[in-house]
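Asks: I have a structure I would like to understand better, so I am pasting it below and will then ask my questions one at a time.
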């Protein structure tokens, strides 16, 4: 596993070492020892997976408030996504800055999203499988969603009518959000 990019403090794009032969491939998608060497010391306690049957499914921008904040380690098992994060850490020097990455099953890259970031993704292919490890359990009362198309964030999703959940249709604006981070 190697660090490819750290575009904002703590946010890390990673690339696994892949071993391929005529049978297929093998790689470690997680190793606590290797991740510690890369500066990631979270203890991941929950794995989640979503499947989006259609291209254009948008999930996000989500995070959990204190005391149930989560770091996430995300990757695409099948298909591809435009993965987007927004820095919500008031003292970071990059508060409100968004970064996006294309994650897919060909590059097999992983994105480490530390606590204090909102996260979302747009499927670029049908039947996309998305996997993420979380450092805390899901807590409905701590869950927050910020509008995917908030004009203050101006995220270049490059989609006009994404497929959204009711929760994401009712998400709050960024200007109404008061950061606990």
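Computed from the coordinates by the stated procedures, all read-outs in this text should not be read as laboratory data. Here the structure is a predicted model, which is why all the values come from computation and not from measurement. FYI the Cβ positions are ideal-geometry reconstructions off the backbone, even for glycines, and counts take in every protein chain you see.
Asks: Give the number of residues within region 43-62 that are within 14 Å of the chain's Cα centre (by Cα) and at negative phi.
Replies: 8
Asks: What is the residue count in region 8-42 for residues that are exposed (fewer than 14 other Cβ atoms within 10 Å of the Cβ) and under 17 Å from the mean Cα position of the chain (by Cα)?
Replies: Residues flagged as exposed (fewer than 14 other Cβ atoms within 10 Å of the Cβ) and under 17 Å from the mean Cα position of the chain (by Cα) within region 8-42 amount to 1.
Asks: From the list 153, 82, 110, pick out the single residue that is under 24 Å from residue 6 (Cα atoms) and crowded, with 21+ Cβ neighbours inside 10 Å.
Replies: 110
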